[in-house]
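Report on one structure; see the data block that follows.
The values are calculated or read from the model by the stated rules, or taken from the named source; none is laboratory data. Quantities reported herein were computed from a predicted structural model and do not represent experimental measurements. Ideal geometry is used to build each Cβ from the backbone, glycine not excepted, and the neighbour counts take in all protein chains shown.
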Amino acid sequence: MSKLLRVDAEPQSEYIPRLTADGIRGNPYWYSRNPFYQAGYGLPNCTCYAWGRFWENADINHDFSNRPNLSTGNAEDWFGYNDGYERGNVPALGAIACYADGQFSGDGHVCVIEEIHEDYCVTSNSAYGGEYFYLVNIALDGTYPYGGYRFQGFIYNPFSGGGGGWTYRKKPWLWKRELYQREETLLK
């Protein structure tokens with residue numbers, strides 16, 4: 001498993017991508033303590049999954065602290081919800097990608113950025129009435145296409161790197177010039 005390190009954090013700070021469903025079934029982040037599960041909209045469901053994954057990344061002490069203040073509505077409502085989290089158009093590890101107006105439903109879609117490569121990012125997903133867990137590669141072309149959905153933006157997890165600044169430790173490149181400039185500034 002590749003480890004991703006925060007550019008602006010101590011070297012021991014790392015982002016561990018979720019690339020499998022291992023450890024999700026029965027886990028309180030997605031089950032007993034998840035508001036979607038409690039309301040009868042548990043997995044498979046993109047909102048239940050993204051809410052739980054956001055919390056898993058935020059709970060750095062593994063004591064169920066830092067409970068998210070994310071929307072508990074449909075996916076297409078998440079980006080416009082006033083929850084206090086930073087938003088933007090640049091993907092960051094642990095951020096939630098928000099989509100509206102799906103070709104399969106009008107409820108939208110949310111997924112979590114797990115890896116960022118030079119020209120694509122890997123997202124972890126779940127689908128209401130569909131797959132429990134799956135990965136999708138999304139092109140880093142500025143529109144972040146996903147099926148027939150319309151991209152709205154990213155919700156940044158402050159415990160997963162905030163608004164960017166993550167990179168592969170083993171690779172010298174950063175996929176965006178802005179992040180490269182940020183790294184240079186932080187290293188000075």
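Would you please name the residue that is nearest to P158 (Cα to Cα), looking only at residues in the range 38-90 that are within 16 Å of the chain's Cα centre (by Cα) and of a type in the set (A, V, I, L, M)?
A58
Looking at the range 43-64, is at least one residue free of Cβ contacts under 8 Å to residues at least 24 places away in the same chain and of a type in the set (F, W, Y)? I'd like the intermediate steps shown before the answer.
Quick first cut of the range 43-64, residues free of Cβ contacts under 8 Å to residues at least 24 places away in the same chain only: 51, 61-63.
Now restrict to residues that are of a type in the set (F, W, Y): 51.
Yes, that holds for at least one residue.
Quick test for you: out of L43, L70, pick the one residue that is on the phi < 0 side of the Ramachandran plot and in contact with a Lys or Arg (Cβ under 9 Å, 6 or more places away or on another chain). Quick ask: steps written out before the conclusion?
Working: L70 fails: in contact with a Lys or Arg (Cβ under 9 Å, 6 or more places away or on another chain).
After applying the criteria, what remains is L43.
Filter the range 104-113 down to the residues that are on the phi < 0 side of the Ramachandran plot and surrounded by fewer than 23 Cβ atoms within 10 Å (Cβ to Cβ), then identify the one that is modelled with the lowest pLDDT. If you could, list the steps in order and put the result at the bottom.
Let us first name the residues in the range 104-113 that are on the phi < 0 side of the Ramachandran plot, namely 104-107, 109-113.
Retained after the next criterion (residues that are surrounded by fewer than 23 Cβ atoms within 10 Å (Cβ to Cβ)): 104-107.
Numbers: F104: 61, S105: 64, G106: 71, D107: 87.
It comes out as F104.
For L93, indicate whether it is hydrophobic (A, V, I, L, M, F, W, C), touching a strand residue (DSSP E or B) at 6+ places or on another chain (Cβ under 9 Å) and crowded, with 22+ Cβ neighbours inside 10 Å. Reasoning before the result, please.
On the way: hydrophobic (A, V, I, L, M, F, W, C): yes; touching a strand residue (DSSP E or B) at 6+ places or on another chain (Cβ under 9 Å): yes; crowded, with 22+ Cβ neighbours inside 10 Å: yes.
When the stated conditions are applied, L93 passes them.
Quick one: in the range 106-127, of everything that is among the β-branched types (V, I, T) and within 12 Å of Y144 (Cβ to Cβ), which residue is nearest to the chain's Cα centre (by Cα)?
Just the residues of the range 106-127 that are among the β-branched types (V, I, T), to begin with: 110, 112-113, 116, 122-123.
Next, from what is left, pick out any that are within 12 Å of Y144 (Cβ to Cβ): 113, 116, 123.
Numbers: I113: 4, I116: 11, T123: 7 Å.
Among those residues, the one meeting the criterion is I113.
Can you spot a residue in the range 8-19 that is in contact with a helix residue (DSSP H, G or I) (Cβ under 6 Å, 6 or more places away or on another chain), at pLDDT 95 or above and either hydroxyl-bearing (S, T, Y) or surrounded by 12 or more Cβ atoms within 10 Å (Cβ to Cβ) (or both)? Reasoning before the result, please.
Of all residues in the range 8-19, those in contact with a helix residue (DSSP H, G or I) (Cβ under 6 Å, 6 or more places away or on another chain) come to 8.
Okay, now just the ones that are also at pLDDT 95 or above, so none.
For the range 8-19, residues in contact with a helix residue (DSSP H, G or I) (Cβ under 6 Å, 6 or more places away or on another chain), at pLDDT 95 or above and either hydroxyl-bearing (S, T, Y) or surrounded by 12 or more Cβ atoms within 10 Å (Cβ to Cβ) (or both): absent.
Restricting to the range 132-147, give me the number of residues that are surrounded by 14 or more Cβ atoms within 10 Å (Cβ to Cβ) and at negative phi.
If we filter the range 132-147 for residues that are surrounded by 14 or more Cβ atoms within 10 Å (Cβ to Cβ), which is where we start, we get 132-136, 138, 140, 144, 146.
Remaining after also requiring at negative phi: 132-136, 138, 140, 146.
Result for the range 132-147: 8.
S124 - would you say it is at negative phi and modelled with pLDDT under 95?
On the way: at negative phi: yes; modelled with pLDDT under 95: no.
Judged against the criteria, S124 is not a match.
Looking at the range 148-166, which of its residues are buried (at least 19 other Cβ atoms within 10 Å of the Cβ), under 26 Å from A21 (Cβ atoms) and at pLDDT below 90?
Result: S160, G161, W166.
Counting just the residues of the range 118-131 that are touching a strand residue (DSSP E or B) at 6+ places or on another chain (Cβ under 8 Å) and over 21 Å from E56 (Cα atoms), which one comes out surrounded by the most Cβ atoms within 10 Å (Cβ to Cβ)?
Step one: of the range 118-131, the residues touching a strand residue (DSSP E or B) at 6+ places or on another chain (Cβ under 8 Å) are 119-127, 131.
From the residues that got through so far, the ones that are over 21 Å from E56 (Cα atoms) too are 119-120.
Working: D119: 9, Y120: 17.
So the residue we want is Y120.
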